[in-house]
Amino acid sequence: MRVFDFPGLRRLLLLSLAVIVASCASTGGYNPTTFPYEIDEEKLAEKTLRTVVIPHVNLGAPSRNYLQKESPRIDAFVSSYLKANDYKVIDQREFKQLWNNATRAYGDPVDPTTGRVNMKTFSQIMQSVRDEMVKKHKLDAFVFTDLIELEVPFSGGLKHLARWDGVSRKPPLQGPGSGVSADFDWNTPAAVASLQVSIFNTDLQRVFFSRGGIDATDAIDTRSSSGGFTRRRSMLENENFIMEGVELAFHPLINMKNWPGNP
């Protein structure tokens, strides 16, 4: 993609920045990309989950480094949302301390070279942490909040919307320019982020799983002459986008008003 601050490119058309400014949240209505949540009604009926903790570690492989930096802030939104819906949220520092103690006994479950998780070690650590937290806090559940990255194109109609995990977003720009060329390939995949929520009871059985889209982590690079995307310098800053992702990720465990999935 080329920035148009110099002559000789008459075949190219500048599109208004207003058309592609990335400041609109999803406008409601049905969104076919809404994640097909999984909820174990039978296990949830056996015991109400009200006292929870949000682990500082992913359930799966660690998030990308630049997403890991945003995780504490996203977890703060999740914590506030849970508290507003009558959940008691134990301070994450308590989980972290117990986790660190258990990793000294069992080893780090994540291979730092490959990022792969040794699930046997992970399970041993979780059982140890579970025993202590149930004893001290009468814990009901672990709420894992993984920030994951996907790739989707901004090819949705004239507004060039990307749709994933229940949200619709316009493409952000990054660089000194104010537009893109008419031959920009809108079908090129761009990186986007979602919040993935996995909830386990104290028997370490999964009772809920879902995802909610947040925002793009790539932006159109207005400095590039070849066209394409670049990683955003600042990401996941829009609080409305974050809250929409949180609400989507917890529905229907916590009912979301105007949920965009199939009724």
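The values are calculated or read from the model by the stated rules, or taken from the named source; none is laboratory data. Because the structure is a prediction, the values reported are computed rather than measured. Ideal geometry is used to build each Cβ from the backbone, glycine not excepted, and the neighbour counts take in all protein chains shown. Remember, those area values only see protein heavy atoms, side chains included, never the ligands or the DNA or RNA. Shrake-Rupley method; radii C 1.70, N 1.55, O 1.52, S 1.80 Å.
By how many degrees, 0 to 90 and rounded to 10, does the Cα axis of helix 239-250 deviate from the longest principal axis of the chain?
That works out to roughly 50 degrees.
At 1.4 Å probe size, with no ligands or nucleic acids counted, give the accessible surface of ASP165 in Å², nearest ten.
Spelled out: ASP165, probe radius 1.4 Å, area about 10 Å².
Enter the angle in degrees (range 0 to 90, nearest 10) between the Cα long axis of helix 119-137 and the first principal axis of the Cα atoms of the chain, meaning the one along which they spread out most.
For helix 119-137, the angle is close to 60 degrees.
Given 20 °C and 1.002 mPa s, how large is the Stokes-Einstein diffusion coefficient of region 53-209 in µm²/s, with Rh as the Kirkwood radius over Cα pairs? Working shown, then result.
Working: Rh = 18.0 Å.
Diffusion coefficient, whole number: 119 µm²/s.
As a test of reading the structure, rank SER71, SER210 by solvent-accessible area (1.4 Å probe, protein chains only), most first. Don't jump to the answer; show the numbers that get you there.
Numbers: SER71 25, SER210 0 Å².
Output order, biggest surface exposure first: SER71, SER210.
Restricting things to alpha carbons, tell me how big the chain is in terms of Rg and Dmax, in Å.
Rg and Dmax of the chain, Cα atoms, are 21.0, 73 Å.
Rank these by accessible area, largest first, 1.4 Å probe: THR48, THR113.
Details: THR48 95, THR113 125 Å².
These residues rank, largest area first, as THR113, THR48.
Express the accessible area of the chain per residue in Å², computed with a 1.4 Å probe while the remaining protein chains stay in the model. If you can, show how the numbers build up before the last one.
On the way: 13630 Å² over 263 residues.
Result: 52 Å² of accessible area for each residue.
Can you tell me the 0 to 90 degree angle between the C-alpha axis of helix 92-106 and the longest principal axis of the chain, rounded to 10?
Here the helix axis deviates by roughly 70 degrees.
Report the net charge of residues surrounding GLU46, where surrounding means a beta-carbon distance below 12 angstrom and charges are Lys +1, Arg +1, Asp -1, Glu -1. Spell out each step's value before the answer.
Values: positive: LYS43, LYS47; negative: ASP40, GLU41, GLU42, ASP140, ASP203.
For residues surrounding GLU46, the net value is -3.
Just the number, please: carbon plus sulfur as a percent of the accessible area of region 212-263, 1.4 Å probe, no ligands or DNA/RNA counted.
On the way: 860 of 2380 Å².
Summing carbon and sulfur atoms, their accessible area is 36 percent of the total for region 212-263.
Only helical DSSP H runs with n ≥ 4 go in: add -39500 (n - 2.57) per run for the chain, normalise by residue count and round the 222 nm mean residue ellipticity to 500 deg cm²/dmol.
Values: 7 runs with 74 residues, N = 263.
For the chain, the value works out to -8500 deg cm²/dmol.
Let me know the shape class of region 125-212, please: from the alpha-carbon gyration tensor, a ≥ b ≥ c as square roots of the eigenvalues, rounded when a/c is under 1.5, otherwise prolate if a/b is greater than b/c, or oblate.
Since a/c reaches 1.5 and a/b is larger than b/c, the shape of region 125-212 is classed as prolate.
Among SER123, SER79, what's the order by accessible area (1.4 angstrom probe), most exposed first? Walk me through the intermediate numbers first.
Working: SER123 45, SER79 20 Å².
Output order, biggest surface exposure first: SER123, SER79.
Need one number: nm distance between label points at ASP108 and ALA76, each 7 Å from Cα along Cα→Cβ, rounded to one decimal.
Between ASP108 and ALA76, the simple spin-label model gives 2.6 nm.
At 1.4 Å probe size, with no ligands or nucleic acids counted, give the accessible surface of LYS43 in Å², nearest ten.
In the full protein context, LYS43 sits at about 60 Å².
Would you give the gap between the C-alpha center of region 56-86 and the C-alpha center of region 135-187, rounded to a whole Å?
17 Å
On the full set of protein chains, 1.4 Å probe, figure out the accessible area of LYS159 and give it in Å² to the nearest 10.
LYS159 has an accessible surface of roughly 120 Å² with all protein chains in place.
Which distance in nm do the two modelled labels at GLU46 and VAL134 give, with both placed 7 Å along the Cα-to-Cβ direction?
Those two pseudo-labels are separated by 1.1 nm.
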